[in-house]
Each structure stands twice: as C-alpha cells, then as structure tokens.
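The values are calculated or read from the model by the stated rules, or taken from the named source; none is laboratory data. Here the structure is a predicted model, which means the values were calculated and not measured. Cβ sites come from the backbone with ideal geometry, for glycine too, and all protein chains shown count toward neighbours.
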Amino acid sequence: MEKLFSEIYNRYFGIVNLLLSKKGPITKKLLQDTVQKNGFGESLLFLLPRLSANEWELFEEKDGVYHSRIKGGVKQPLSRLQKRWLKAVLEDPRASLFLEKEQIRKLKGSLQEVQPLFAYQDFYYFDRFSDGDDYTKEGYRQHFRTILSAIRNGQMLRILYQARRGRNTKLLVQPYYLEYSVKNDCYRLLCRRGNQRHTLRVSRMQKVEIGENAADVDGMMRKEKEPEKVTLIVKDERNAMERVMLQFADYRKNTVRLEDNRYRCEIFYDKDDETELLIEILSFGPMLQVIGNEQFIKLVQERLKKQAALTSMA
Amino acid sequence: MSDFQELIKNIDKCRDYVRDFFVYGFKSRSDFPGKSARTYDDERRRIVSWLPDYVREDYSEGGKSKNISLQIDQKKLDTNPLFRVWQTKSFTDKDLMLHFCLLKLLEKKDAEYSAAELTDLLMDEYAYEADLQSVRRKCNEYAEEGLLKIRKEGKSIFYSRDLRFDELPYAEELLDLICCFQMDQPLGVVGNTILTGQKEKNEIFHVKHGFPTFTLEDEVLLSLLDAIHEKKKVKLRVQNNRNMEREGSLKTGLPLQIFVSTRSGRRFVCMHMEGRKTAHFTCLRLDQIKEVNVLSVEESEDRRQRLYERLMEEKKAVWGVSFAPLVPGQGALQKVVLTIYADEQIEPFIPQRLLREGEGGSVERIAQDTFRYEKTVKDAMEMFPWIRSFTGRILDLTIYGTDGEELTEENERLKKIFLSDLKKMYDMYGI
C-alpha cells in the first residue's frame, strides 16, 4: 500500500531541492533566506546548520560560496499515490470545467497503469443540498472558463445575472476568487462592484464577457472586510461541546473554558454568512446561548418570538 | 540538552494534538492525561513550529494554564495549512543522499541501471560511497512508491524513472484543476503534494464548508478505501470519549462506503458488521479510528454486491448515520411530518429549502403559506437539528409509524423533548 506519510513529500527535501536547482552561487545568506521562507518555524535551528556545514556534501564550496553538485536539482517523478489521485479526480463531473472530454480521455490514457484512488460511489455526502450546479452544461463551462481567465489576467467581467426573483441585471465586476461550496455543491464568484463586495452564483449567470482591463488587481479588490463576531456559551451536555466545536471548525474561533462545564466561544464570520450561521446556531437548540453581539441576539430573539406565536405546537 | 526534533517518525501522536488544538483550542497540559509533561511540551512546540502563522497562545480564564489554539478560517485560504503535518516525516542522511543522487542519475527518460551500476555511478559522479544493499533497498522502495519502474531480465533487475508531471498532456490545465480540487476532494493533500512539487500555488480558488481537520484522518481513509476496493474486512481500533483512557475497542466488519457530512465536520465509514445473532450496518467516525488492520480474507463479489445493494436500499431511510431504529421492537421506520409556515410572496426560498435540504422528503403546499414536509426515517431524533433550524416557522411536528398510525408514546416523548428544548430557549432569551 502507498504511504502518505513519506519522506518523499518532506518539506526539508523540497528546500534542499530548491537550493540544488539554483543556477548561480549559493551564499550563506541565500541558504538562510531559502530556509526561512520555505521552512517551518524552527527549520533555521534544525535544517540550516546542517546545510551551512554542507553535512550532506551536496554542494561544492568555492571562495566561501556554495555551488550545487546536482545541477538543476531533481524533478521527482509522480508517485503511484499521486497518479491514482489524479485518475480518481478526473472522474469528477467538475473536471470538465477545466478540461475537454478528449483531454480527459488522453490524460486517463497516460495514467492507464494505475487504478483510481477512489471512485465516486465510495463517498456519500448525506446532507449535501440537492440543487447543486449542473457542470455538464456547455454554457456553464464557458462562463466558468471566462471567469477563470479574467481572474488570472486581472480583467473586469460583464455579467448578465439572474437575481433571486428572476430579474436579469447587468453587472460590471472585478472578479477575485472562485469559491466552491462543498455543502451546496456549487461555485460562486467573489467579486467587487465599485466599493461593494458581491457573491454571485455561477449557475445564475446568463452571459459572461471579459470587460476592459482591471484598474486594481491586488489592492482594494482582495482586501477583506473586518469579520463580525458572535459570542456563544456552550453547555457541555449530550456531547454538545464536541459537536459545536466540530460543526464550527470551518470558522475562525476562540474558545475559553469557564466553570460548571461551560465554555465561551467566539466565532468570527462574514456578514454575508450571518443567516447561515444563525440557523446553524438555532439547530443546536438550548445547548448554545448567544451572548453577543447585541444585533445577533436580536436575530435569535426574533425567530423565537415568531415561534412562540405559532401556538399550535404547544 | 533537549533531543527535540522538528520532524517526526510517526504521525499518530501528533495527529491527536493538532486536532485538539484546532478543534477545541482551549486545552492545556492538564487536558492530556496519560501523557508526560515533556511529551505535551514537545508536541506543542512542534505544532507551533509547523503552523506559526495560525497559532495563538493565551492563558485560560483565571490565568492558571497556558493553552494554544489554531486560528484557521477555511474560507480565506488558498490551501489547507494542516497539510503541513504530512511534510514532517523524518529521514536519515542516507535517505536524503540516495533520494537526490539516484533520481538525478535516473533523470533521463532512457536511463536504466541495475543497483550495482547505480552504486558505481554514485561513487563516480558524486563521490558517494553507498553499499549495494542500501541502493537496492532504496530503489525497491521507490519502485513501491511508484517513482521508479522495474524491468527484469533473467536474474538481473534494472531501474528507470517513471512518469513526471510535466510529461502528462495538458499539464497546465491540470494544474488549475489540482489547485481547486486539493481543498475539496477526498485526500486533497495528495493533490497538494503535486502542486508543491511543481512549485505552484493556488491563487484563484477558495472553499466554503470544508473541514481542514479531515486531512488528519487521511491515512485511515486510505486504508479503508483499499479495503473497500479489495472487498476485504477490517479490524478497527476505535477510541472515543467513553474509552479515551483505555486502548479503545475493536470493531470488525466489511467497509462499504464513506459517509461524509458537509455540516457537522465528521466523516464515517459505513460497515456491515456481523455479530453472533445479528448483522447490521453501522457507521464509525474516522477521527475516532486509531488503527486499521485490513484482514486477508476477501469477500466474494456476489456477497459484497448484495450487501452494497442492501445498503443503498436501507440508507434511503437514514437521515444521517443512524441505522438503528429508535425504538427496538416498535417497527423499524418512523414517518416525520413537519408543517412549516412561509409567506409565499416574500419567502419562496423556504419551501425550496425543504426540498433541497430535506434528503428526498416530499414537500406539499397544504394551504396558503403552509407547507408539509414528510420523510420516513429510522431515527427521527437525528433530524432534530435540521428541524430546529426552521425555528420561527414550525407549525407542527408529528411522528407516525409507517403503517399510518401515530406512534403515540414515542411521538409524545420526542415532541416533549422538542418542546422542552424550545421552552429552554424562550427562557434563555427572555421570550
């Protein structure tokens, strides 16, 4: 069986290879910078001394600088595990967003000696939403590729977008990320229109065209908004603590243990995700109590008031 | 002098620490019973070293103990930082030398050498004196990993390198696909190793509703997938909250499918287990599986297929992962009927939510602004978190037996739990 935890994927090997592939002389400063930039926090302490002392004799020393003895470094062949993973993911319907059918067929041909690492029927996403995107639609694929090209080249996009109530709107946006939602099985475009951030679902785009070149690719466009914060008290009953911590593991959070089996947890979220977070919190029932911010508490109270007014449940 | 090392031989121990620091973020030294203070300190130091940009160190309430947490916002990332855990395997000097020198000697596509020839070349080209046995062992190891190919000629064995990424057709288009899939596909860490090897970085894709901790279970997943494909039973050592102090319990069964929750942050293996009197499907959490032992006996294709088909049939009535009926002896299935209020003019997305999130349950408009959702399940209680997410709209919740009769006692009990939870929430928020 193939190993995932293997030295062939080791970060130190990667750093050594980077150094070996350097064309010019390798100064001590370059050694240090390369380790610092590519290593772990303490690699300067553990890897650098061994490289500086040329312990592995991978370099030739001349006039106080090193030269690689393995010119150009090495280009590691693909491991069986990597080939098997590639073959498996080429079966995903989303692969057709990146590659034509014929290209996928040829790629699979190049990987014919290995079995796919997994098949799609090996996995069952039991709580995934059923209205995921249709990746086989030609229009969808074209839109996806146009977006990809615009992001890569820093171009604006002109989009004819179907808003929630079926109305079409023309938008000129600066695209900056494509986001895949595992739960919704769909792609969304994260973009900016003027000073406003927008999230547009790719499946609702009626027309996508490249606009004029973008004015600002890396500055304002990618700048993140300050996250909102909701503070919760978790009472560790019915294994609630673990369930809460796991469910909110995709959010940045801070947790502090209080007394009486209670915990205070701060969750940081985007304003756009507020409704989703609210219903996730409600799904835990009385095991979670929102104690801040005030506006979030009001949202919970509103839902509960409405529920209390629906008397037939009582 | 400390013998602390940044790299490790075995990933099992640190896997649990990373998970605890990431998922909980409030545990300190005293929360790791059975581990020495030294072990805790070393593991903590290592994790700080591997993930310095994500670590936050602070003191518990009252300042009694120091703890660390990993601050990761999955939605803002270009990759999963926890993949770094897989880049920490320790190695010997010989491993490193042989890795670079052998792969360089075999770099040309038509280069093919025996172990003895490679041993000589190591000396000629790099003045590296290696013994034949070590060279042969490393070559065989790399052939096992798929980096090298083997050709036998009589008693002689020749090694050459295997396919490189840049030799694949459409490598550039493929890189975009890998940038995206490394974060949301099973075993995405493997895709990440390809990107790293190509010195490529994802700058375009983000993932929402992904769980970074999944990667910590990837070795377990790998073994289970092998067993699924080889139709072999597995013996698992499972350690959960109840048996944390002990070695865990052993479970034997035939793995058939991996169940993934996109909301709860858990993955499970669904196995067919046979006891002395009963046989049933059960789901075990991957993060609680500490050891996978693939047994050698292979199930027949027929029997495996029959079990798989039965699973496909049975899981239609499973909301999450619970195959056991809630009330033994009272019939295996329960019909959950949920009546919801939604203003049709301004909230058309509410009945849509019932449809897309309701796992195949039916949705019917029964009156103006009133919708009825029905689903037959094995364990109605599993649906409660989802039902609670409609708080503010729930007109009624009733649970029937599948023969159409209301499961009076059980319905009352479940309804009581549901209402009592609501009451507690009203009290909490002063409603």
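Laid out as a table, the results:
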| item | result |
| --- | --- |
| Filter result for the condition that a residue is over 30 Å from B:F22 (Cβ atoms), in contact with a helix residue (DSSP H, G or I) (Cβ under 7 Å, 6 or more places away or on another chain), surrounded by 16 or more Cβ atoms within 10 Å (Cβ to Cβ) and within 12 Å of chain A (Cβ to nearest Cβ), over B:I340, B:I350 | B:I340 |
| Options B:R151, B:R137: the member that is surrounded by fewer than 16 Cβ atoms within 10 Å (Cβ to Cβ), modelled with pLDDT of 95 or more, charged (D, E, K, R) and out of contact with any strand residue (DSSP E or B) (no Cβ under 9 Å at 6 or more places or on another chain) | B:R137 |
| Selection from the range B:204-221 of residues that are within 8 Å of chain A (Cβ to nearest Cβ) and in contact with a strand residue (DSSP E or B) (Cβ under 9 Å, 6 or more places away or on another chain) | B:I204, B:F205, B:H206, B:V207, B:K208, B:H209, B:G210, B:F211, B:P212, B:E219 |
| Residue count for the range A:240-279, restricted to those that are over 19 Å from the mean Cα position of the chain (by Cα), more than 7 Å from chain B (Cβ to nearest Cβ) and assigned to a loop (DSSP other than H, G, I, E, B) | 3 |
| Selection count where residues are away from chain A (no Cβ under 13 Å) and either within 16 Å of A:E113 (Cα to Cα) or in a helix (DSSP H, G or I) (or both), scope the range B:125-138 | 6 |
| Residues of the range B:154-163 that turn out to be crowded, with 16+ Cβ neighbours inside 10 Å and among the hydroxyl-bearing types (S, T, Y), as a count | 2 |
| Failed condition for A:L81, given (1) facing another protein chain (nearest Cβ under 9 Å); (2) free of Cβ contacts under 8 Å to residues at least 60 places away in the same chain; (3) in a helix (DSSP H, G or I); (4) within 24 Å of B:D166 (Cβ to Cβ) | (2) |
| Condition met for B:G248 (touching a residue at least 24 places away in the same chain (Cβ under 8 Å), small (G, A, S) and in contact with a helix residue (DSSP H, G or I) (Cβ under 6 Å, 6 or more places away or on another chain)) | no |
| A:E42 vs. criteria away from chain B (no Cβ under 11 Å), without any contact (Cβ under 8 Å) to a residue 24 or more places away in the chain and of a type outside the set (K, R) | no |
| Exclusive hit being among the small types (G, A, S) and modelled with pLDDT under 95, set B:A143, B:A127 | B:A127 |
| In the range B:1-52, the residues that are at the interface with chain A (Cβ under 9 Å from one of its Cβ atoms), of a type in the set (A, V, I, L, M, F, W, C) and either part of a helix (DSSP H, G or I) or surrounded by fewer than 16 Cβ atoms within 10 Å (Cβ to Cβ) (or both) | B:F4, B:F22, B:V23, B:V48, B:W50 |
| Residue match in the range A:200-212 (condition: surrounded by fewer than 21 Cβ atoms within 10 Å (Cβ to Cβ), hydroxyl-bearing (S, T, Y), more than 10 Å from chain B (Cβ to nearest Cβ) and free of Cβ contacts under 8 Å to residues at least 40 places away in the same chain) | no |
| Pair list, Cβ under 7 Å, 6 or more apart: the range A:135-161 residue more than 10 Å from chain B (Cβ to nearest Cβ), other residue of a type in the set (F, W, Y) | A:F144/A:Y187 |
| Unique residue being more than 9 Å from every other protein chain (Cβ to nearest Cβ), in contact with a Lys or Arg (Cβ under 6 Å, 6 or more places away or on another chain) and not in a strand (DSSP E or B) when the list is B:L82, B:L118, B:L122, B:L98 | B:L98 |
| Counted residues, the range A:174-207 - those being part of a strand (DSSP E or B), at pLDDT 95 or above and more than 18 Å from B:N202 (Cα to Cα) | 6 |
| So A:E212, is it part of a strand (DSSP E or B), at pLDDT below 85 and either over 19 Å from A:T275 (Cα atoms) or hydroxyl-bearing (S, T, Y) (or both) | yes |
| Subset of the range B:85-95 [over 19 Å from the mean Cα position of the chain (by Cα), in a helix (DSSP H, G or I) and at the interface with chain A (Cβ under 7 Å from one of its Cβ atoms)] | B:D93, B:D95 |
| Filtered residues of the range B:155-195 (kept if under 20 Å from A:N38 (Cβ atoms), within 8 Å of chain A (Cβ to nearest Cβ) and in contact (Cβ under 8 Å) with a residue 40 or more places away in the chain) | B:V189, B:T193 |
| Which listed residue is more than 8 Å from every other protein chain (Cβ to nearest Cβ), in contact with a Pro (Cβ under 7 Å, 6 or more places away or on another chain) and part of a loop (DSSP other than H, G, I, E, B), from A:E91, A:E113 | A:E91 |
| Of all residues making up the range B:198-240, the number that are more than 30 Å from A:C186 (Cβ to Cβ) and assigned by TED's automatic domain parsing to the domain that holds B:C180 | 1 |
| Residue that is surrounded by the fewest Cβ atoms within 10 Å (Cβ to Cβ) [pool: residues in the range A:8-27 that are among the charged types (D, E, K, R) and out of contact with any Leu (no Cβ under 8 Å at 6 or more places or on another chain)] | A:K23 |
| The listed residue being modelled with pLDDT of 95 or more and surrounded by fewer than 19 Cβ atoms within 10 Å (Cβ to Cβ), out of B:A367, B:A324 | B:A367 |
| Residues within the range A:289-304 that are at pLDDT below 95 and not polar (S, T, N, Q), tallied | 1 |
| Among (1) within 20 Å of the chain's Cα centre (by Cα); (2) surrounded by fewer than 16 Cβ atoms within 10 Å (Cβ to Cβ); (3) within 11 Å of chain A (Cβ to nearest Cβ) - the single one B:D58 does not satisfy | (1) |
| A:V217 vs. criteria closer than 25 Å to B:Y54 by Cβ and either among the β-branched types (V, I, T) or modelled with pLDDT of 85 or more (or both) | no |
| Residue list for the range A:14-63, filter: of a type in the set (G, A, S) and over 17 Å from B:Q87 (Cβ atoms) | A:S21, A:G24, A:S52, A:A53 |
